[in-house]
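Student: To start, I am sharing the structure in question, which I have written as structure tokens.
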Amino acid sequence: MNSSSLYERLGGEDKIHALATTIFDLHRQNPAVRNRYVDSDRDKVIRLAAEFICAGTGGPQSYTGLDMVSAHRGMNISEEEYVAVVDDIVQAMQQHDIGEREQQEMLMILWSLKPEILRL
Ligand code: HEM
């Protein structure tokens, strides 16, 4: 059995940064959520998303952003928007040739975060 961390199997920091870039750019094109990101600082959001994924998958980086509840409070994010964001992440993982098992592990993590993000 392969026991390396999800972080290592995703390919480490540079690969995760590239993945976060694709995710952000897909959000900006996705009609279900693009209005949420019109005023975003692209580099900053990509950096924080990359840190979040690195730290959350077993990488040595620390995450310097807000916790998920504080980051999304007051946005009243809907179920539909949540699904749209997860769809973009799946599409990005496919574009980056991330393995099936790694995609499933990412989905489990994303699903577990749902109560910290929806309708706050
Ligand atoms: C799928 C799980 C999600 C994760 C892991 C996630 C992660 C993050 C992270 C790490 C940040 C940066 C926090 C900071 O500024 O310190 C953030 C900000 C944000 N998220 Fe999420 N998010 C998720 C879902 C969503 C959804 C469904 C929406 C709604 C479309 C959304 C909209 C936003 C917006 C608008 C920001 C602020 C961007 C900015 O600063 O310009 N997020 N999110």
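The values are calculated or read from the model by the stated rules, or taken from the named source; none is laboratory data. What you see is a predicted model, and the numbers here were worked out from it, not measured in a lab. Neighbour counts are summed over all protein chains in view; Cβ atoms, including those assigned to glycine, are modelled from backbone coordinates with ideal geometry. Surface areas here come from the heavy atoms of the whole protein model, side chains and all, with no ligands, DNA or RNA. Shrake-Rupley method; radii C 1.70, N 1.55, O 1.52, S 1.80 Å.
Student: With the contact rule set at Cα under 8 Å and sequence spacing of 6 or more, what percent relative contact order holds for region 1-51?
Tutor: Working: 23 pairs, mean separation 20.0, N = 51.
This gives 39 percent for region 1-51.
Student: Looking at region 8-111, which trypsin sites (Lys or Arg not before Pro) are in a loop (DSSP not H, G, I, E or B) and have at most 14 other Cβ atoms within 10 Å? It would help to have the intermediate numbers written out before the result.
Tutor: Details: sites: Arg9, Lys15, Arg28, Arg34, Arg36, Arg42, Lys44, Arg47, Arg73, Arg101; in loops: Arg73.
Those that pass, being in a loop and sparsely packed, are Arg73.
Student: Another question, if that's okay. Over region 73-120, what is the relative contact order in whole percent, taking alpha-carbon pairs under 8 Å and six or more residues apart?
Tutor: Value for region 73-120: 79 percent.
Student: Per residue of region 78-93, in order, report the coupling 6.51 cos²θ - 1.76 cosθ + 1.60 (Karplus, θ = phi - 60°) as ³J(HN,Hα) in whole Hz, putting x for Gly and Pro.
Tutor: Here the 3J(HN,Hα) series is 8, 4, 4, 5, 4, 4, 4, 5, 5, 4, 4, 5, 4, 4, 4, 5 Hz.
Student: Which of Ser62, Ala20, Ala32 sits farthest toward the positive end of the charge dipole of the chain, with +1 on the Cβ of Lys and Arg and -1 on the Cβ of Asp and Glu?
Tutor: Ala32
Student: Where does region 10-116 land on the Kirkwood hydrodynamic radius, alpha-carbon pairs, in angstrom?
Tutor: Working: mean 1/r = 0.0705 Å⁻¹.
Its Kirkwood hydrodynamic radius stands at 14.2 Å.
Student: Which value, in debye to the nearest 20, describes the size of the charge dipole of region 10-116 about its Cα centre when Lys and Arg Cβ atoms bear +1, Asp and Glu Cβ atoms bear -1, and nothing else is charged?
Tutor: Details: 10 positive and 18 negative charges, 46 e Å.
For region 10-116, the charge dipole is close to 220 debye.
Student: Oh, and also: When N is the residue count of region 31-72, what does its C-alpha Rg come to as a fraction of 2.2 N^0.38 Å?
Tutor: On the way: Rg = 11.7 Å, N = 42, 2.2 N^0.38 = 9.1 Å.
Taking N as the residue count of region 31-72, the ratio is 1.28.
Student: Once neighbouring chains are kept in place and the probe is 1.4 Å, which whole percent of the accessible area of the chain is contributed by carbon and sulfur?
Tutor: Numbers: 3670 of 7170 Å².
Ligands and nucleic acids excluded, carbon and sulfur reach 51 percent.
Student: Oh, and also: Taking H placed 1.01 Å from N in the peptide plane, check which residues at least 5 places from Ile77 or on another chain put their amide H under 5 Å from its amide H.
Tutor: It is Arg119, Leu120, by chain and number.
Student: Same structure again: Among Leu110, Leu48, Leu66, which one moves the most in a GNM of the chain with springs linking Cα atoms closer than 10 Å?
Tutor: Looking only at Leu110, Leu48, Leu66, the biggest GNM fluctuation is shown by Leu66.
Student: Hey, what do the phi angles of region 40-54 turn into as Karplus ³J(HN,Hα) couplings, whole Hz, using 6.51/-1.76/1.60 and θ = phi - 60°, x for Gly and Pro?
Tutor: Values per residue, Gly and Pro as x: 6, 7, 3, 4, 5, 5, 5, 4, 5, 5, 5, 4, 4, 5, 4 Hz.
Student: Leaving out ligands and nucleic acids, and using a 1.4 Å probe, what accessible area per residue does region 10-116 come to in Å²? Before the final figure, lay out each step's value.
Tutor: Working: 6250 Å² over 107 residues.
That works out to 58 Å² per residue.
Student: Over the chain, what relative contact order in percent results from Cα pairs under 8 Å that are six or more residues apart?
Tutor: This gives 33 percent for the chain.
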